[in-house]
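Read through the structure below, which is laid out as structure tokens, and then see the notes.
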Amino acid sequence: MTSAVPAAASLNKFEKFKAEKGGLAVKAEIEDFARIGWEAMDETDRDHRLKWLGIFFRPVTPGKFMLRMRMPNGILTSGQMRVLAEIVQRYGEDGSADITTRQNIQLRGVRIEDIPDIFRKFEQAGLTSIQSGMDNVRNITGSPVAGIDADELIDTRGLVRKVQDMITNNGEGNASFTNLPRKFNIAIAGCRDNSVHAEINDIAFVPAYKDDRLGFNVLVGGFFSAKRCEAAIPMNVWVNPRDVVALCEAILLVYRNHGLRANRQKSRLMWLIDEWGIEKFRAEVEKQLGYALPIAALKDEILWDKRDHIGIHAQKQPGLNYVGLHVPVGRLYAQDMFDLARLAEVYGSGELRLTVEQNVLLPNVPDSRLAPLLHEPLLQQFSVEPRPLERALVSCTGNQFCNFALIETKNRALAMIRELDAELFCPTPVRIHWTGCPNSCGQPQVAGIGLMGTKVRKDGKTVEGVDIYTGGTVGKHAQLGTCAMKGIACDDLKPILKNLLIQDFGAKERGNLSSEFALQASALVVESID
Ligand code: SRM
Ligand code: SF4
């Protein structure tokens, strides 16, 4: 297979630079870049092409790059976590890491001079950051409890790994899939609760029975962008798990060869589906595959509300548990990462898992090891029983590191949610997602309350503010939320959130709690460790 060369006419500037020199070409130049330093580098190589290797120049912190990994299905070993911790500790200036909304890890503060060393460490540890940015397929998400969930339908781990290996040529880099018209997201759900937000991916697989055989119904075209957000639509295809890789390959080739490239705001897969209609799109994919696809099963098996996996949960393996730790807004420092690696080894099987809510799971903890695990100091910080609002808080990077950001997100989100948790009793967790700009990396549209950064005029000054989204639901009845209020200054936000939580989510002022509610409030903490 060779990469498609788009027609030269009406190319946007990204298409032009890709046509001049492919993104993956910088792989061979890394040692040179390390020698000359970031200031001497060609700007297009530095600001754009490096992202093909997962290296992100950060204009907010020039010289300190971000590294975006690939974590298929959000799974890594304690050894890999320790390597990432060492990189943050040794090479990260003011280093830290973030768990992302795609079950992934990003490392911060690394210098280009250290990238060759870091890449050698990745290779030794079986880690890769290849093709994790720009016009490539992002980290492929799968059920975070694959293989350990008692009610699982399909174990997604092997499938996700195979799709990643196909797209990245086993981590070497694959020219066939690195000149897509735009970014591309793939998710594979194996459980009944749609724990991967299937509906917001360009391709999503959801479990479904066809003639008593278990496979997947396929959804396509879901995406968020500053201009438009769409839930994925049914492709009217059912696929046997063994054909998942081939179908992904065929869809990617159709998108690569026919996707719209003139306007980057109109290049995601859904724009092609709009132009062709779903029938033609399906027919083109079948042509690419060389065989007809079975039509979708009448219903899928997503029957549950979404779980957040926080707390202690019995696995399908008798006597073993997975323990979900809440990592506030996904932020990790080197010591946290070393500690997580140690906990996974001492109490579990040396495996760690990440969730799209930016949290960590420790699988395979025997019943007898639960009590000592709960006494570990790290669990004071990464709780198994966080308060209801903080529990479901998600935030994108914001202006600390992201130059698209219109506001600061993570610190503000955490400070505000802690005040709200202290002042309110919430009977159930409320999903509150912050995102620093309309790109929607923090997925405000899948939240009960979504907050999207914007600029607002207040008292004659421009200040940081948010647009408020409501109505986003996840799991069985997943549905995107919509904008309900615009242009609220962040300084004025807390009372508005408080009212929303009281009116729409049954929250009560702690000061006004009746004795019955007070009892419920204390019971809630106990229940959350089921
Ligand atoms: Fe995102 C661009 C961070 C998930 C939609 N996203 C960016 C950049 C790379 C912009 C930049 O260069 O600064 C951000 C890097 C900031 C930084 O330093 O961390 C960034 N996106 C993130 C992460 C880290 C947010 C987080 O805190 O978790 C997530 C990384 C996921 C990963 O591991 O790969 C992240 N981004 C998402 C999601 C959510 C998802 O995939 O479920 C979306 C919406 C879904 C989608 O893409 O359809 C998302 N990011 C975007 C967009 C808008 C895409 C579009 O079609 O217009 C951009 C801007 C772009 O691509 O031009 C963007
Ligand atoms: Fe940056 Fe905007 Fe994405 Fe937040 S939503 S990480 S501010 S691009």
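Tell me, what is the Rg over Rh of segment 1-156, with Rh the Kirkwood radius over Cα pairs? List each step's numbers first, then the result.
On the way: Rg = 17.1 Å, Rh = 16.9 Å.
Reported Rg/Rh, Kirkwood definition of Rh: 1.02.
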Inset, instruction - May I ask you to derive the relative contact order of segment 390-524, considering only C-alpha pairs under 8 Å and at least 6 residues apart, and to give it as an integer percent? - result: 21
Inset, instruction - Would you compute the Debye intensity of the chain from its alpha-carbon atoms alone, equal scatterers and no solvent, and pass along log10 I(q)/I(0) at q = 0.05, 0.08, 0.09, 0.11 Å⁻¹ to two decimals? - result: -0.19, -0.50, -0.64, -0.99
Inset, instruction - Report the Stokes-Einstein translational diffusion coefficient (µm² s⁻¹, integer) for segment 141-289, Rh taken as the Kirkwood radius over Cα pairs, at 37 °C with viscosity 0.692 mPa s. - result: 210
Inset, instruction - Mind scanning 13/266; 18/51; 51/183; 458/498 and naming the pairs with a C-alpha gap bigger than 18 Å? - result: 458/498
Legend entry - Zero-based 5 Å bins, Cα pair distances in segment 390-524, whole percents: 2, 11, 20, 22, 19, 12, 8, 3, 2, 0
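Only Cα pairs under 8 Å and at least 6 apart count here; give the relative contact order of the chain as a rounded whole percent.
Relative contact order here is 13 percent.
If R0 is 35 Å, what FRET efficiency do you get for residue 212 and residue 371 from their C-beta distance, rounded to 0.05? Spell out each step's value before the answer.
Working: r = 43 Å, r/R0 = 1.24.
Once the sixth-power term is evaluated, E becomes 0.20.
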Legend entry - q = 0.13, 0.26 Å⁻¹: log10 I(q)/I(0) that the Debye formula gives for segment 85-165, counting C-alpha atoms only: -0.53, -1.31
Inset, instruction - Within segment 392-415, find all residues whose amide N lies under 11 Å from a label point positioned 7 Å from the Cα of residue 494 along Cα-to-beta-carbon. - result: 415
Inset, instruction - Determine the calculated [θ] at 222 nm for the chain from helices alone, applying -39500 (n - 2.57) to every DSSP H run no shorter than 4 residues and normalising by the residue count; nearest 500 deg cm²/dmol. - result: -9000 deg cm²/dmol
Legend entry - In order through segment 44-55: 3J(HN,Hα) via Karplus (6.51 cos²θ - 1.76 cosθ + 1.60), integer Hz, x for Gly, Pro: 5, 4, 5, 7, 10, 4, 4, 5, 5, 9, x, 9
Inset, instruction - For segment 384-446 and segment 169-184, write down the distance between their C-alpha centroids in whole Å. - result: 32
Legend entry - Separation between Cα centres of segment 114-166 and segment 185-233, rounded to whole Å: 18
Legend entry - Rg in Å to one decimal, and Dmax rounded to a whole Å, for segment 279-348 via C-alpha atoms: 21.4, 54
Legend entry - Calculated FRET value between residue 12 and residue 40, using beta carbons and R₀ = 25 Å, to 0.05: 0.40
Legend entry - Where Rh is the Kirkwood radius over Cα pairs, Rg/Rh for segment 286-443: 1.07
Inset, instruction - Under 18 Å Cα to Cα from residue 508, which aspartates and glutamates show up? Leave out anything in the same chain fewer than 8 places away. - result: 390, 419, 421, 423, 516
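Read the figures in this text as sums done on the coordinates, not as results from a lab. Bear in mind the structure is a predicted one, so any value in this text is a computation, not a measurement. When we count neighbours, we look across all protein chains shown, and the Cβ atoms used for this are built from the backbone with ideal geometry, even at glycine.
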